[in-house]
Amino acid sequence: MSSFLQQLINGVAWGSIYALIALGYTMVYGIIRLINFAHGDVYMIGAMSGYFLARWLSLQNGPASFFIILPLSMLVCALLGFVIEKLAYKPVRHAPRITALITAIGVSLFLEYGGQLLFGADPKFFPTLIPTNPFINLGGVFVSNIQFLIIITSLVLMIILHWIVMRTKMGLCMRAVSFSHTASALVGIPVDRVISFTFILGSALAGAAGVLVGLSNPKVEPLMGIMPGIKAFVAAVLGGIGSIPGALVGSLILGISETMVTAYISSTYRDALAFIILILILLFKPTGLLGGRQQTKV
Amino acid sequence: MSLIINNLHVSYGAIKALRGVSLHVDEGEIVTIIGSNGAGKTTLVKSLSGVIPKQSGKITYKGLDLGALPSHQIVASGVVQVPEGRLIFQNLTVRENLELGSYCRKKSSLIQSDLEEVFNFFPRLKERIKQPADTLSGGEQQMLAIGRALMVRPQLLLLDEPSLGLAPNLVQQIFKILKAIHEKGVSILLIEQDAFLALRTAARGYVMETGKIILEGKSGELLQNSDVKRAYLGV
Ligand SMILES: Nc1ncnc2c1ncn2[C@@H]1O[C@H](COP(=O)(O)OP(=O)(O)OP(=O)(O)O)[C@@H](O)[C@H]1O
Ligand SMILES: [Mg+2]
């Protein structure tokens with residue numbers, strides 16, 4: 001039982017990482033109906049910039065450094081997301097959808113192999129900003145300090161996101177644009193600016209995911225975004241692409257089932273699970289768990 | 001003259017929807033465009049609002065070249081459209097729909113008084129303020145669409161078939177409100193299938209057919225015109 005609970009906690013921690021990435025997929029899809037295949041690579045840039053920032057700023061190991069690196073890496077990714085949208089996606093926004101999709105794959109390959117060129121293909125080791133130790137003991141089940149940090153940071157970021165989307169003027173505009181670009185333009189919403197903002201928001205969250213992963217899995221390299229990118233995409237589809245709560249639910253389900261499969265069946269099947277889920281959901285409920293037609297989309 | 005459209009051409013690929021349309025709306029006027037299905041009326045207001053690009057021609061509003069502006073700046077200049085089919089934000093509440101109409105304005109203190117004014121015109125919206133917009137009836141959605149446009153504080157209101165799909169008594173009610181809005185100093189360009197109603201409401205009118213203006217004049221004259229009578233008034 002306690003081993004099961006332990007796996008559950010590990011799963012929730014992983015799920016939180018997926019959720020931070022999946023939110024960007026789902027928001028961008030909600031607003032311009034594009035599967036942004038480069039999103040996993042933005043997450044990689046988040047981890048990479050965490051690594052380089054720690055080196056360049058010669059930060060001491062310690063939680064304080066984490067709280068410096070986190071917002072800075074988020075900023076780098078926000079900027080990257082902004083530039084990607086402006087340079088790559090905006091010019092093809094009115095082209096057929098397949099054009100945008102191919103462009104997204106192009107951006108993804110550019111970041112992956114441009115990353116190899118720039119950073120080198122060899123893995124780098126993320127600094128041990130915070131040494132892992134058991135932090136909370138729930139009767140034999142341990143939450144490590146890193147897991148705690150991952151879960152709490154994700155939670156805080158998601159609460160901020162929820163607040164932005166539901167309570168601010170920009171959030172209201174995001175919801176309006178996700179419903180119709182034309183209707184939004186006709187009431188005076190600067191649609192382009194809202195789309196830029198959505199990329200900035202989604203990319204910043206992916207950047208946060210990159211830094212958080214650096215803490216728990218210190219090996220970072222330019223292709224590290226591919227797998228988590230695909231899985232977060234699956235999580236977004238599972239929850240219902242376009243739905244923010246759906247991205248969260250889908251990610252937790254995926255994170256937990258992956259750790260369970262690893263623990264009780266075999267780690268060989270871990271990566272296959274996401275694809276099995278994707279096939280099942282596309283066969284039986286393509287709109288996802290929470291992605292009904294009436295769902296508030298962003 | 002506040003709105004001037006000069007020799008406007010618009011195409012959808014190979015389909016020429018507008019072939020040299022020229023018209024104008026003076027400050028404080030109600031002007032109507034009538035014409036059968038597919039004549040190009042919606043195309044005209046869409047290109048006025050910058051939603052679809054034009055091939056050639058010039059659109060100016062109070063000296064401002066609207067053709068060079070993106071939609072949201074056209075709205076900010078005071079030219080506001082209530083689109084055909086209403087385009088209500090179905091995923092938002094009535095209040096949120098109305099608040100979006102005031103996006104361009106910075107002063108939030110004015111928003112509350114504008115809301116009150118909209119509720120004066122449409123008390124029914126006030127009762128439904130927290131309701132998701134997709135639960136409104138067709139007539140209520142039309143009220144919301146007009147109310148949302150009023151929240152932008154339009155100087156020139158473009159109405160694309162406000163009577164579409166409404167029961168006759170509701171149509172009368174909506175047109176009464178349009179007149180009240182006009183009396184507050186808003187110019188109106190009205191597109192309407194019901195030619196009789198349109199010409200009784202407007203001071204001047206244009207008749208459009210396959211992308212061209214084929215007739216124009218005072219409403220009274222058009223009502224007497226034998227071609228108009230035969231084609232649009234069914235007499
Ligand atoms: N998106 C489009 N793609 C191709 N053709 C279009 C498009 N929109 C309109 N058209 C064509 O342009 C012409 C004018 O259409 P428009 O919608 O402006 O007519 P309308 O006068 O508003 O008609 P209605 O009274 O039925 O609303 C029509 O022949 C229509 O088929
Ligand atoms: Mg029309």
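The values are calculated or read from the model by the stated rules, or taken from the named source; none is laboratory data. Keep in mind the model is a prediction, meaning the values are calculated, not measured. Glycine also receives a Cβ, built like all others from the backbone with ideal geometry; neighbour counts cover every protein chain displayed. Surface accessibility is based on the protein's heavy atoms, side chains included, excluding ligands, DNA and RNA. Shrake-Rupley method; radii C 1.70, N 1.55, O 1.52, S 1.80 Å.
Could you list, in sequence order, all residues of the range B:1-43 that are open to solvent by 50 Å² or more (accessible area, probe 1.4 Å), within 14 Å of another protein chain (Cβ to nearest Cβ) and within 14 Å of ligand 2 (Cβ to nearest atom)?
Across the range B:1-43, the qualifying residue is only B:TYR12.
Take A:GLY46 and tell me if it is modelled with pLDDT of 95 or more, touching a Cys at 6+ places or on another chain (Cβ under 9 Å), assigned to a helix (DSSP H, G or I) and within 22 Å of A:VAL28 (Cβ to Cβ).
Here the answer is yes, as A:GLY46 does meet what is asked.
For the range B:163-180, does any single residue satisfy the condition of being part of a strand (DSSP E or B) and open to solvent by 10 Å² or more (accessible area, probe 1.4 Å)?
No: the range B:163-180 contains no residue that is part of a strand (DSSP E or B) and open to solvent by 10 Å² or more (accessible area, probe 1.4 Å).
Restrict the check to the range A:216-233 and report whether at least one residue is closer than 23 Å to A:MET74 by Cβ, more than 12 Å from the chain's Cα centre (by Cα), open to solvent by 50 Å² or more (accessible area, probe 1.4 Å) and within 14 Å of chain B (Cβ to nearest Cβ).
no
Taking the stated definitions as given, is B:ARG200 within 14 Å of chain A (Cβ to nearest Cβ) and either within 16 Å of ligand 2 (Cβ to nearest atom) or in a helix (DSSP H, G or I) (or both)?
Answer is no for this residue.
Checking B:GLN173 against (1) closer than 24 Å to B:VAL45 by Cα; (2) modelled with pLDDT under 95; (3) within 14 Å of chain A (Cβ to nearest Cβ), which single condition isn't satisfied?
In the conditions (1) closer than 24 Å to B:VAL45 by Cα; (2) modelled with pLDDT under 95; (3) within 14 Å of chain A (Cβ to nearest Cβ), B:GLN173 misses (3) alone.
List every residue pair whose Cβ atoms lie under 6 Å apart, where the two residues are 6 or more positions apart in sequence or sit on different chains, the first residue falls within the range B:123-138 and is on the phi > 0 side of the Ramachandran plot, and the second residue, located anywhere, is at pLDDT 95 or above and open to solvent by 60 Å² or more (accessible area, probe 1.4 Å).
No pair meets every condition.
Could you list all residues from the range B:146-161 that are within 11 Å of chain A (Cβ to nearest Cβ), closer than 19 Å to B:LYS46 by Cβ and more than 16 Å from ligand 2 (Cβ to nearest atom)?
Residues satisfying the conditions are B:ARG148, B:ALA149, B:VAL152, B:PRO154.
Scan the range B:7-56 residue by residue and report those that are more than 15 Å from ligand 1 (Cβ to nearest atom) and closer than 27 Å to A:HIS94 by Cα.
Result: B:ASN7, B:GLY50, B:SER56.
Scan the range A:171-202 for residues that are of a type in the set (Gly, Ala, Ser), more than 8 Å from chain B (Cβ to nearest Cβ) and closer than 16 Å to A:GLY242 by Cα and jot them down.
A:GLY171, A:GLY202
Restricting the first residue to the range A:73-96 and requiring it to be open to solvent by 70 Å² or more (accessible area, probe 1.4 Å), which pairs with a second residue that is of a type in the set (Ser, Thr, Tyr) meet a Cβ separation below 6 Å and a spacing of at least six or different chains?
A:PHE82/A:SER196
Return the pair list, or none, for Cβ contacts closer than 7 Å from residues in the range A:193-212 that are open to solvent by less than 10 Å² (accessible area, probe 1.4 Å) to residues that are among the hydroxyl-bearing types (Ser, Thr, Tyr), at least 6 apart or on different chains.
A:ALA206/A:TYR43; A:GLY207/A:SER73; A:ALA208/A:THR153; A:ALA209/A:TYR43; A:GLY210/A:TYR43; A:GLY210/A:SER73; A:VAL211/A:SER73; A:LEU212/A:THR153
Given the conditions (1) crowded, with 16+ Cβ neighbours inside 10 Å; (2) under 18 Å from A:THR182 (Cβ atoms); (3) within 14 Å of ligand 1 (Cβ to nearest atom), report the number of the one that B:GLN90 does not fulfil.
Among (1) crowded, with 16+ Cβ neighbours inside 10 Å; (2) under 18 Å from A:THR182 (Cβ atoms); (3) within 14 Å of ligand 1 (Cβ to nearest atom), B:GLN90 violates only (3).
Could you figure out which of (1) among the charged types (D, E, K, R); (2) at pLDDT below 95; (3) in contact with a Leu (Cβ under 6 Å, 6 or more places away or on another chain) isn't true of B:ARG148?
Against the list (1) among the charged types (D, E, K, R); (2) at pLDDT below 95; (3) in contact with a Leu (Cβ under 6 Å, 6 or more places away or on another chain), B:ARG148 comes up short only on (2).
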